[in-house]
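K.L.:
Can you read through this structure? Questions will come right after.
No value in this document is a laboratory result; all are computed from the given coordinates. Here the structure is a predicted model, which means the values were calculated and not measured. In this analysis, Cβ positions are derived from the backbone assuming ideal geometry, glycine residues included, and neighbour counts consider all displayed protein chains.
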Amino acid sequence: MKILITGGAGFIGSHLAAYFINDNEVFILDNLSTGHRSNVDFIDDAHFIEEDVMHKSFVTELIKQKQFDIVIHLAAVVSVVETINNPINSQSINIDSTLNLLEANRQYNAKLKKFIFASSAAVYGNTDELPKQIETFIDPESPYAIEKYAGEQYAKLYNKLYDLPTTALRFFNVYGPRQDPSSPYSGVLSIMDKKFKNDEPFTFFGDGEQTRDFVYIKDLVQAVAIVIDNEASNGKIYNLATGTQISLLQIFEKFKLIYNKSISYQFAEPRSGDIKHSCAEIKGLEALGFKPKYDIVSGLTEYINYSKTDK
Ligand code: NAD
Ligand code: UD1
């Protein structure tokens with residue numbers, strides 16, 4: 001199959017590309033704003049398109065010409081804080097480019113078998129109900145959450161109105177090799193890992209009691225493969241997570257055990273727009289055959305072993 005991964009040079013996209021390259025022709029479209037060409041050095045230059053997903057005419061022409069079987073749309077402003085600082089820019093990337101991609105596929109790509117949109121657990125906001133179910137009340141706390149909600153609802157609507165084979169996945173907190181720890185807004189586990197590796201102090205924003213449902217990247221890849229193989233997922237939205245909840249303080253203890261040492265830490269003000277608790281109900285994906293293979297200890301152990309050997 002011919003697959004397009006937008007944002008494919010990033011953390012999640014590079015793992016999907018590495019998985020799908022075995023049996024498929026994989027193209028990546030990425031402007032390298034947060035991703036790295038070196039994440040996907042197994043993709044040759046003919047299949048690596050360095051371009052902005054907001055370049056509408058280019059993207060439309062690409063869809064028209066290549067007739068992809070599968071489009072996995074990941075390119076986005078991924079930092080909640082960045083969308084709070086610059087909501088107009090993030091709206092263009094996160095909503096407008098999604099709509100344009102859907103529209104280009106509707107108009108010009110009769111071969112499309114699946115369009116996957118990367119939504120987020122952030123759409124649930126700070127509602128009390130746990131675990132978060134797809135039907136749980138939506139209460140976005142940031143432009144990021146609104147933008148992800150708009151993207152997934154467009155994907156769903158394109159199935160309803162035009163029969164486009166779309167699926168939206170609400171990713172919870174994904175972690176694993178190649179997650180870039182360089183920004184203060186990077187995924188918290190990549191930051192914690194970097195601090196442990198370099199014996200630097202870690203800062204908890206808030207009291208450290210906030211919880212997340214952390215899903216290991218290989219389980220995410222498994223779920224995407226299942227969804228692609230399953231027509232019953234067309235027009236649907238699923239939580240992609242493990243169904244377990246753990247606090248940052250508890251995670252810190254796991255790091256201490258795996259690294260067999262400790263580092264100093266401090267507490268700072270909670271971040272604005274931050275969510276206190278997050279945990280998913282994953283019945284929808286389980287019904288399709290998804291079963292997470294990694295719990296937090298096995299996932300962190302594999303990740304940390306990888307990161308120790310990575311310069
Ligand atoms: P990432 O920053 O590693 O990857 C995003 C990629 O998109 C990067 O390679 C970046 O260069 C590219 N990109 C950004 N803007 C672009 C543009 N305008 N044109 C072309 N390419 C562009 O982040 P990630 O963690 O791999 O996230 C992938 C997707 O999953 C995003 O849509 C994100 O919102 C979503 N998501 C991630 C998580 C998580 O825990 N990592 C959770 C929920 C949702
Ligand atoms: C993350 C994703 C977002 C996704 C969402 C889904 C990243 C960068 N963001 O947001 O794209 O949509 O999950 O649920 O992956 N924290 C600290 N110290 C630090 C860094 C973070 O205490 O040095 C705290 C944060 O304040 C937050 C928690 O750790 O409470 C998790 O933060 P982060 O990894 O940025 O993820 P989310 O905000 O949940």
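K.L.:
Quick one: among Ala232, Ala223, Ala76, which has the greatest mean-square fluctuation in a GNM of the chain with alpha-carbon springs under 10 angstrom?
P.N.:
Comparing Ala232, Ala223, Ala76 in the GNM, the peak value goes to Ala232.
K.L.:
Between Leu99 and Asp180, what's the calculated FRET efficiency when r is the beta-carbon distance and R0 is 41 Å? Round to 0.05.
P.N.:
After rounding, the FRET efficiency stands at 0.90.
K.L.:
Going by C-beta contacts inside 10 Å, put Leu99, Leu285 in order with the fewest on the left.
P.N.:
Taking fewest neighbouring Cβ atoms as first place, the list is Leu99, Leu285.
K.L.:
Glu302 to Lys64: extension gain in nm, 0.36 nm per residue of separation minus the Cα-Cα distance?
P.N.:
Fully extending the segment from Glu302 to Lys64 adds 81.6 nm.
K.L.:
Please arrange Tyr294, Tyr144 by how many other C-beta atoms lie within 10 Å of their C-beta, fewest to most.
P.N.:
Tyr294, Tyr144
K.L.:
Please identify, among Asp213, Asp274, Asp128, the residue showing maximal mean-square fluctuation in a Gaussian network model of the chain using a 10 angstrom Cα cutoff.
P.N.:
Asp128
K.L.:
Now for a different question. Loop-only chymotrypsin sites (Phe, Trp or Tyr not before Pro) in the stretch 6-113, please: DSSP not H, G, I, E or B, and at most 13 other Cβ atoms within 10 Å. If you can, show how the numbers build up before the last one.
P.N.:
Details: sites: Phe11, Tyr19, Phe20, Phe27, Phe42, Phe48, Phe58, Phe68, Tyr108; in loops: Phe42, Phe68.
Sparse-neighbourhood loop chymotrypsin sites (Phe, Trp or Tyr not before Pro): Phe42.
K.L.:
While we're here: What dipole magnitude, in Debye to the nearest 20, does the chain give about its Cα centre under +1 on Lys/Arg Cβ and -1 on Asp/Glu Cβ?
P.N.:
420 debye
K.L.:
Next question. If you take every residue apart from Asn31 with its C-beta less than 9 Å away from the C-beta of Asn31, what net charge results, scoring Lys and Arg +1 and Asp and Glu -1?
P.N.:
That works out to -4.
K.L.:
Ok, one more. If each of Asp229 and Ile21 carries a label point 7 Å out from its Cα toward its Cβ, how far apart are those two points in nm?
P.N.:
It works out to 2.2 nm between the two label points.
K.L.:
OK, next. Could you line up Asp199, Asp69 from fewest to most neighbouring Cβ atoms inside 10 Å?
P.N.:
Ranking Asp199, Asp69 by Cβ neighbours within 10 Å, fewest first, gives Asp199, Asp69.
K.L.:
Mean-square fluctuation check for the chain, GNM, Cα pairs under 10 Å: which of Val59, Val297, Val77 is largest?
P.N.:
Val297
K.L.:
Here's something else I'd like to know. Any idea what Rg and Dmax come out to for the chain if you just take the C-alpha atoms, in Å?
P.N.:
Rg and Dmax of the chain, Cα atoms, are 18.7, 57 Å.
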